[in-house]
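Readers should treat all values here as calculations from the given coordinates under stated rules, not as data from a laboratory. Fair warning: this is a prediction, and the values are worked out from it, not measured in the lab. Neighbour counts run over all protein chains shown; Cβ positions are idealised from the backbone, glycine included.
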Amino acid sequence: MGAKKNEIPMTTALRALKNAGVQFEILQYAFVEHGGTQQAASELGLDHHAIIKTIILEDENKKPFVCLMHGDREISVKQLARVRGVKTVTLCEPETADRHSGYHVGGTSPFGTRRQMKVYIEESIFDCSLIYINAGHRGIFVAIAPSVLEQVLPDTQRVRVAVTDC
């Protein structure tokens with residue numbers, strides 16, 4: 001169940017954004033289990049392409065990392081493995097993703113993760129004027145300029161790993 005309207009928890013992600021001194025706006029929506037980015041976009045009246053998923057993956061050495069992708073696109077794990085210089089990468093199981101990030105799947109944010117991880121950002125995200133990304137709790141997004149990603153996240157790399165519309 002998501003946060004009730006007007007009851008916004010102070011997450012580690014929100015603290016990281018505040019500490020960085022960047023501008024952001026908080027948006028709330030009713031989190032629906034397995035509703036995904038399409039449900040959130042529909043409820044908030046936002047462009048699904050501008051909603052950004054935070055996905056936790058691991059390479060064959062079990063080294064975790066993050067990939068940020070448009071809500072209406074999928075990641076090419078083969079291309080991501082090539083970029084990373086490894087044979088394979090896989091999506092983490094929800095429990096593993098939660099352990100690496102410190103957040104629950106459905107509310108995972110790239111900001112303020114429990115474990116510092118490399119962040120691969122789909123290059124076309126920077127073509128958006130404003131993006132919406134989880135703020136560390138199910139049912140809460142922040143609206144930010146894409147430039148904030150590289151400004152606040154310590155270890156990022158722009159990549160082309162989107163394959164198809166969902």
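Given a cut-off of 21 Å, what percent of all Cα-Cα pairs of the stretch 90-166 lie beyond it?
On the way: 867 of 2926 pairs.
When all Cα pairs of the stretch 90-166 are counted, 30 percent exceed 21 Å.
Pairwise over distinct Cα atoms, reciprocal of the mean inverse distance: report the Kirkwood radius of the stretch 12-165 in Å, one decimal place.
Values: mean 1/r = 0.0652 Å⁻¹.
About 15.3 Å, per the Kirkwood formula over Cα pairs.
Residues in the stretch 102-144 near a label at Gln151, defined as backbone nitrogen under 11 Å from the 7 Å Cα→Cβ point?
Only 144 pass the distance filter.
Under the 0.36 nm per residue contour assumption, what length would be gained going from the current alpha-carbon distance of Arg114 and Asp127 to full extension? Don't jump to the answer; show the numbers that get you there.
Details: separation 13, 0.36 × 13 = 4.68 nm, distance 2.88 nm.
Full extension of this stretch gives 1.8 nm more.
So for the chain, if I pair up every lysine 8 or more residues apart or on another chain, how many of those pairs have alpha-carbons under 13 Å apart? It would help to have the intermediate numbers written out before the result.
Numbers: Lys62/Lys87; Lys63/Lys87; Lys63/Lys118; Lys78/Lys87.
Count of close lysine pairs: 4.
Taking Cα centroids, how far is the stretch 99-141 from the stretch 19-75 in Å?
Cα centres, the stretch 99-141 to the stretch 19-75: 6 Å.
I need the calculated FRET efficiency for the pair Gln79 and Ala20, taking r as the beta carbon distance and R₀ as 25 Å, to the nearest 0.05. Show your work: numbers first, answer last.
On the way: r = 30 Å, r/R0 = 1.19.
Result of the calculation: an efficiency of 0.25.
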